[in-house]
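Laboratory data are not the source of any read-out in this text; all were calculated from the coordinates shown. Predicted model, so just to flag it, every value in this text is computed and none were measured. In this analysis, Cβ positions are derived from the backbone assuming ideal geometry, glycine residues included, and neighbour counts consider all displayed protein chains.
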Amino acid sequence: MADDVPSDRPVDVWTGPLIDQPAELSVVASEAPWRGRVISIRSDTLTIAGATVRRDIVVHPGAVGIVAVNDADEVLLIRQLRVPAGSFLFEPPAGLLDKPAEDPLVAAQRELLEEAGLVARDWHTLVDAYLSPGGSTEAVRIYLARGVTAAPAGRPWTGEAEEFDLPHVWVPLDEACEAVLAGAIGSPMAVMGVLAAARARDEGWVRLRPPTAAWPARAHLAAIGNLPADQS
């Protein structure tokens, strides 16, 4: 071992299972200096490896996304203005989990109807992810929806602001993958959902999880108070 490396430093090789695991955090103090309509900011003081540090956390309710694939092997993408990015982004239908006690699957079915005027026969869990775990509690679940048809009454409402105009396009799944890999589309919901859907299709859809699969990450966030108060 090099002389300048402390002898008590842990060896940087992981030999355990390849699965995210909850951590026991030693929080000394916590304050919430700002609360907005959807998110809030919390500042925690905690002890990590003997050091006292302060971390600012964006407390977010989480979200769901829907990768809808039709019988022609096309995926639905919606072009939507995203103000923080200052750009129109191509994304799958998606929405916040900001309704107290709403089941994520029910939220996804509602968003597919509201944003695209579609219903689906078959639902599966495709991807669970944190979008920015270094600073935010936002956990998302992306569903795969197949057997997609137009709702009899179409899109039930026209939203306001960013949701007023939501033009959509059906793109061959392989073409959507190429757009992701070329850097042409960069929404995380699109990147994760498109690539995961292509992999699942290539495997014959045999490893998909049920739509009601456990979501340990979100359950853990609720247990440690890292969801908005009305979501925990």
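A few remarks follow.
- Long-range amide H partners of Glu138 with built H, under 5 Å: His60, Leu131, Ser132
- Per-residue Cβ neighbour rank within 10 angstrom, fewest leading, His220, His168: His220, His168
- The spacing between the stretch 36-78 and the stretch 128-156, judged by their C-alpha centroids, is 13 Å.
- Sum of side-chain charges, Val119 neighbourhood, beta-carbon under 15 Å (Lys, Arg +1; Asp, Glu -1): -1
- Using only alpha carbons, the stretch 104-163 has a radius of gyration to Kirkwood radius ratio (Rg to Rh) of 1.06.
- Positive minus negative residues near Val148 (Lys, Arg vs Asp, Glu; Cβ under 11 Å): -1
- Selected from Val59, Val75, Val11 as most flexible by GNM, with the chain as the system and alpha-carbon contacts under 10 Å: Val11
- Burial ordering of Glu115, Glu102, fewest other beta-carbon atoms within 10 Å first: Glu102, Glu115
- Estimated from the Cβ-Cβ distance and a Förster radius of 45 angstrom, the FRET efficiency linking Ala161 and Asp12 is about 0.45.
- With the gyration tensor restricted to C-alpha atoms of the stretch 11-59, the semi-axes of the equivalent ellipsoid amount to 27, 16, 8 Å, longest first.
- Protection-proxy order for peptides 42-49, 12-19, 193-200, 94-101, each taking the mean of Cβ atoms within 10 Å per residue, highest first: 193-200, 94-101, 42-49, 12-19
- Estimated 222 nm signal from helices in the chain, with DSSP H stretches of n ≥ 4 weighted -39500 (n - 2.57), rounded to 500: -6000 deg cm²/dmol
- Total formal charge among the other residues, if their Cβ is under 14 angstrom from that of Met189, Lys/Arg +1 and Asp/Glu -1: -2
- Considering only Glu24, Glu175, Glu111, the Gaussian network model of the chain with Cα springs below 10 Å gives its largest mean-square fluctuation to Glu24.
- From least to most packed, judged by other beta carbons within 10 angstrom and beginning with the fewest, Ser40, Ser187 follow the order Ser40, Ser187.
- Fluctuation leader among Leu105, Leu131, Leu77 - the chain, Gaussian network, Cα springs under 10 angstrom: Leu131
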